Structure formats: C-alpha cells, structure tokens
Amino acid sequence: MKKIALSAFLGAAALAYSVSGASASTLSDVKAKGFVQCGVNTGLLGFAQPDATGNWAGFDVDFCKAVASAVFGDATKVKYTPLSSKDRFTALQSGEVDLLSRNTTWTINRDTALGLNFRPVTYYDGQGFMVRKELNVKSALELSGAAVCVQSGTTTELNLADYFKANNLQYNPVVFDKLEEVNAAYDSGRCDVYTTDQSGLYSLRLTLKNPDDNVVLPEIISKEPLGPAVRQGDEQWFDIVSWTAYALINAEEFGITQKNLDEMKASPNPDIKRFLGAEQGSTIGTDLGLTNDWAYNVIKGVGNYGEVFDRNIGAGSPLKIARGLNALWSKGGIQYAPPVR
C-alpha cells in the first residue's frame, strides 16, 4: 500500500512538474526566437490583411502587436501565419503558431475537446446574411430555397443548418474550404446569399465588384464571441494573452491613449500609476513574467481598445462598424475588464 501511495505521489508530482514546466515554455520560446508567431486570417479587410509590401494591418493584427509589445516592448516583434478556418486549430495545437488571433468563435467544443484556451472576448459578433438588392429580400425568413455560400469548418456552417431547420426553411449550401473561394463564388453569382459573422460581411461587401448592389440583412442568428486562443497547459502564456486584452480595455476606461500616455504616468490616481508601472513596489508585471511597464508598452504600441477598434473597423475605417456591444460597459456595451491590482 505504501508503495502504491508513493507511486501515486510521485506520479502526481511529475504531472505537476510537467505542467509547471509547460507554463513557462511558450514565453521562453518566444523570447528565445525574438518574436511572437501569430496565426491570422488569410485576408479579411479591417481584421487581418497584408498590403502590397507585405505589411499586415487590422483589428486582429493589432492584438498580435499588443502581445509583442507586452513581451518585448516592441510592437514589430511579430511574424504572421495566414491560416484558413480549416487549418487554424491544427496550427495552434502543433505549435506552429504561439497565438491564434483570427476572428475565431469561443465554443465549448473548442475550449475543451480541441485543447485550446479562450478567455477575453475582443469582439462580440453574430452571424448574419448578405444578399443582392435586386432580390428585394428584407428578412432572412424570406430565404427559403436560396443557394447559400458558406465556408466549411466553421460555426457558420453549423448555425446555418440550425437556423433553416428551426424555421422550416429549405436551402442549398454552396460550401468552400477557403474564404477567397467563398467570396469569388458569391461575387460571380453562384449563390444568392452569403453568410458569415456580420462584421465579416461588412468587410467582404467592400471587396465585391459592386458593393452597393449588396445589402446585409438585419437578423443576427447566433452569438459569436470572437477572441484570441492559446494552447492549454500553459497558464503563464494564457495569462499574458488575456491580460493584454484586458489592458487595452482598462486603458480606454482610464482615458489613457497613445498620445497622453506619458502625461498619464504622472496621474495622482493610484490605479493608473499601478497600471502604467509607475507605482513603487508593484509586481503586476513580474507576476506575469514581464516587466512592470508591460501595460504601458501595450498602449504605446497600439493604443487603447477604442483606438484599435476605431482605426481598423470603426468610425475611422472604411467599414464604419458601430461599437454596439463592443462599447465599454459604462457606455452601453459589455466590454469589461478585471482590475489591475
């Protein structure tokens, strides 16, 4: 019995050691290679898209830059891996990327069976439909019998089937693996309807040959909480990625921007001083395995959440998506971050 108990104890100790070892592995690996390898969309205007010279920009790209800023104090220390919806989870599970920031919905299956960790929601979205104006369709409930373009390997495909079944509607799915294939099929008239996250529809509409000939219907048929994902078993890296997102939100709530960042370091508000690493004796950075000015570096690198939103997909962008649910909790939305203390 003692041998069995000792064996069990040693096994538990070994497991604890392996988990502990894993908890520092991603940060150590990232520091060793000198950059964050970030999985992003293959090309979605406003979220992740390279320009003619290969420079990436977008809402999800800025989150990659924010994590690099937290770790290195340098937003340029990122390399991007464009991933299809089919390949994204395998790339993260295998270690090909350190972080997935690719308009990905947090679901129970992905959070458990796939061995991934989600926590901060960076964009609250929902699935919608886009149709040609000439069809004179005002509601998704008028789409029975339509040919619907959809990307495979997504929650979109599953939600589509559920919605039409629940409403006793018929449809003909036109399914493709790659986003570019779905876009081309809809633009060429192979299907009547395009369905994906509503934010994606606003983005994709602008890439069509005749954007103004298409309209996004008002219905939202699902909850799509989008955010970054990391591998399970690495709590330190999970915390770093999570608190980077929370730093963006807290900074907006504090009124801290890229422009007033240094001025705000002199604030008499102890919460702001602590947040920016200016409080003596604070361990908010070292507890994460970072420097105490990690949040300062995040805001210096990309700005606060509102700034990231507005320039990429909000009022300052071609998409002009309203903040809606993604406004701060104090301004009618549900974006909320735990306190930094």
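The values are calculated or read from the model by the stated rules, or taken from the named source; none is laboratory data. Everything numeric in this text was worked out from a predicted model, so none of it was measured. Positions of Cβ are backbone-derived with ideal geometry, glycine not excepted, and every protein chain shown enters the neighbour counts. Surface accessibility is based on the protein's heavy atoms, side chains included, excluding ligands, DNA and RNA. Shrake-Rupley method; radii C 1.70, N 1.55, O 1.52, S 1.80 Å.
Calculate, for the chain, the solvent-accessible area per residue in square angstrom, rolling a 1.4 angstrom probe over the heavy atoms of the protein chains.
On the way: 15770 Å² over 341 residues.
Computed with neighbouring chains in place, this is 46 Å² per residue.
Show LEU158, LEU114, LEU226, LEU135 ordered by accessible area, largest first, where the area counts protein heavy atoms only and the probe is 1.4 Å.
Working: LEU158 115, LEU114 50, LEU226 5, LEU135 80 Å².
From most exposed to least exposed: LEU158, LEU135, LEU114, LEU226.
Which value, in Å² rounded to 10, gives the accessible area of GLU224 with a 1.4 Å probe and all protein chains present?
Ignoring ligands and nucleic acids, GLU224 comes out at about 0 Å².
Sorted by accessible area with a 1.4 angstrom probe, largest first, how do GLU219, GLU180 fall? Kindly include the intermediate steps, with their values, before the conclusion.
Numbers: GLU219 45, GLU180 90 Å².
Order by accessible area, largest first: GLU180, GLU219.
Ordering ILE108, ILE220, ILE256 by how much accessible area each has at a 1.4 Å probe, largest first, what is the list? Display every interim value, and only then the final one.
Numbers: ILE108 140, ILE220 85, ILE256 0 Å².
From most exposed to least exposed: ILE108, ILE220, ILE256.
Given the protein chains as shown and a 1.4 Å probe, how many square angstrom of TRP106 are accessible, to the nearest 10?
TRP106 exposes around 90 Å² with every protein chain in place.
Please find, in a Gaussian network model of the chain (springs between Cα atoms separated by less than 10 Å), the residue of PRO120, PRO268, PRO211 whose mean-square fluctuation is greatest.
PRO268
With the chain treated as a Gaussian network of Cα nodes joined by springs under 10 Å, which of VAL61, VAL40, VAL131 yields the largest mean-square fluctuation?
Ranking VAL61, VAL40, VAL131 by mean-square fluctuation puts VAL131 first.
Show that you can apply the helix-only estimate: for the chain, add -39,500 (n - 2.57) for every DSSP H stretch of four or more residues, divide by all residues, and state [θ] at 222 nm to the nearest 500. Numbers along the way, then the final one.
Details: 12 runs with 134 residues, N = 341.
It comes out at -12000 deg cm²/dmol, rounded to the nearest 500.
What is the range 255-298 by shape, rounded, prolate or oblate, if you read a ≥ b ≥ c off the alpha carbon gyration tensor as root eigenvalues and call it rounded for a/c under 1.5, prolate for a/b larger than b/c, and oblate otherwise?
Details: a/c = 2.73, a/b = 1.46, b/c = 1.88.
Verdict is oblate for the range 255-298.
Of the candidates ALA48, ALA229, ALA147, which one comes out as most mobile in a Gaussian network treatment of the chain with C-alpha springs shorter than 10 Å?
Judging by the Gaussian network model, the answer is ALA147.
When the accessible area of the chain is split by element with a 1.4 Å probe, what percent falls to carbon and sulfur? Mind showing how you got there, number by number?
Working: 8460 of 15770 Å².
Carbon and sulfur atoms account for 54 percent of the accessible area of the chain.
Would you please give the FRET efficiency between VAL175 and SER139, computed as 1/(1 + (r/R0)^6) with r the Cβ-Cβ distance and R0 = 41 Å, to the nearest 0.05?
Numbers: r = 24 Å, r/R0 = 0.58.
For VAL175 and SER139, the calculated efficiency is 0.95.
Over all alpha-carbon pairs of the range 288-341, lay out the pair-distance distribution in 5 Å bins, whole %, shortest bin first.
Bin by bin from 0 Å, the calculated values are 5, 17, 19, 23, 18, 11, 6, 1.
How high is the FRET efficiency between LYS165 and ASP111 when r is their beta carbon distance and R₀ equals 22 Å, given to the nearest 0.05? Walk me through the numbers before you get to the answer.
Details: r = 25 Å, r/R0 = 1.13.
The calculated FRET efficiency here is 0.30.
How long are the three semi-axes of the equivalent ellipsoid of the range 229-341, in whole Å, if each is the root of 5 times an eigenvalue of the C-alpha gyration tensor, listed from largest down?
Details: eigenvalues 113, 68, 31 Å².
Three semi-axes, in Å: 24, 18, 12.
Averaging sequence separations of C-alpha pairs under 8 Å and six or more residues apart, then dividing by the length of the chain, give the relative contact order as a whole percent. Kindly include the intermediate steps, with their values, before the conclusion.
Details: 614 pairs, mean separation 70.7, N = 341.
In percent, rounded to a whole number, it is 21.
Pull out a ≥ b ≥ c, the square roots of the eigenvalues of the alpha-carbon gyration tensor of the range 19-109, then state rounded if a/c is under 1.5, prolate if not and a/b is larger than b/c, and oblate in the remaining case.
Values: a/c = 1.96, a/b = 1.19, b/c = 1.65.
Cα axes put the range 19-109 in the oblate bin.
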